[in-house]
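Right, one structure below, let's go through it.
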Amino acid sequence: MSLIQKMPQTNFLSALYQMKKTERTVLIVGLGNIGKKYDTTRHNFGFICLDGLVTEQKKKWKKDIKSSSLICELNIDGRKVILIKPQTFMNLSGEAVQKVKSFYKIENKDIVVIHDELDIDFGIIRSRSGGGSAGHNGIKSIIQHIGEDFGRVRLGIGPVTPDKIDPADFVLQKFSKDQQDNLPKAVSATSELINDFVNSESAIPQDTRNFLV
């Protein structure tokens, strides 16, 4: 009788599959302003959705001084997922993203930035890979530091009302009561989109989702 037993092929293939899945590290960035006064403002939609994902995973944020970020490491379906909230000013977000990208050696196609979008109505979430900043200072900073070929999850905060308000003031206002009541739906829809992306092997696809229907 042989003392060497062969590992069942099914177990070997399963282990090989799990090893392959963990090779890819994904970086998810939420954009927002630091400080309690900004917690429920429209410009902090990215922070809000990442906070929801961290809570859902029963994890906590850790402060990373070197990258000027709050960081949370997750394992989603066998893949390493790094979540960060840059603790810089919004227009310096790219500095934090570049530092984390370099440390973990992450490709741009494996980076997704979650941010508010004035040109999209509240209730609509759109994803895409690449493109310009559309005037968003956080995205503009990230493009300056790593290029524009990263993924975006664009969270609608429009339309701007009243018409006479300066958009710069509008984004710093808090969500309306009705919108605040629907934020958990936005968090859930964003989490689903991120999970789909994490389990893919390519850049985030162009997609549109409505969490109010």
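The values are calculated or read from the model by the stated rules, or taken from the named source; none is laboratory data. Here the structure is a predicted model, which is why all the values come from computation and not from measurement. Glycine gets a Cβ as well: all are built from the backbone with ideal geometry, and neighbour counts include every protein chain shown. Remember, those area values only see protein heavy atoms, side chains included, never the ligands or the DNA or RNA. Shrake-Rupley method; radii C 1.70, N 1.55, O 1.52, S 1.80 Å.
A few notes on this one:
- For region 148-192, the tally of residues that are more than 16 Å from the chain's Cα centre (by Cα), over 13 Å from residue 118 (Cβ atoms) and assigned to a strand (DSSP E or B) stands at 1.
- From the options 112, 153, 160, 171, residue that is open to solvent by 10 Å² or more (accessible area, probe 1.4 Å) and modelled with pLDDT of 95 or more: 171
- Test for residue 75: is it open to solvent by 70 Å² or more (accessible area, probe 1.4 Å) and part of a helix (DSSP H, G or I): no
- Residue among 68, 127 that is over 16 Å from the mean Cα position of the chain (by Cα), closer than 21 Å to residue 54 by Cα and at pLDDT 95 or above: 68
- A single member of 96, 134 is closer than 20 Å to residue 62 by Cα and among the small types (Gly, Ala, Ser), and it is 96.
- Which listed residue is of a type in the set (A, V, I, L, M) and touching an Asp or Glu at 6+ places or on another chain (Cβ under 8 Å), from 160, 171: 171
- For residue 53: the one exception among (1) at pLDDT 95 or above; (2) open to solvent by less than 10 Å² (accessible area, probe 1.4 Å): (1)
- Only listed residue being β-branched (Val, Ile, Thr) and open to solvent by less than 10 Å² (accessible area, probe 1.4 Å), chosen from 146, 125: 125
- On inspection, residue 117 does not qualify as at pLDDT 95 or above, farther than 18 Å from residue 30 by Cβ, over 13 Å from the mean Cα position of the chain (by Cα) and of a type in the set (Asp, Glu).
- Within region 60-72, restricting attention to residues that are of a type in the set (A, V, I, L, M) and assigned to a strand (DSSP E or B), the residue that is least open to solvent (accessible area, probe 1.4 Å) is 71.
- Among the residues of region 82-111, those that are within 18 Å of residue 68 (Cα to Cα) and not in a helix (DSSP H, G or I) comprise 82, 83, 84, 85, 86, 87, 88, 89, 105, 106, 111.
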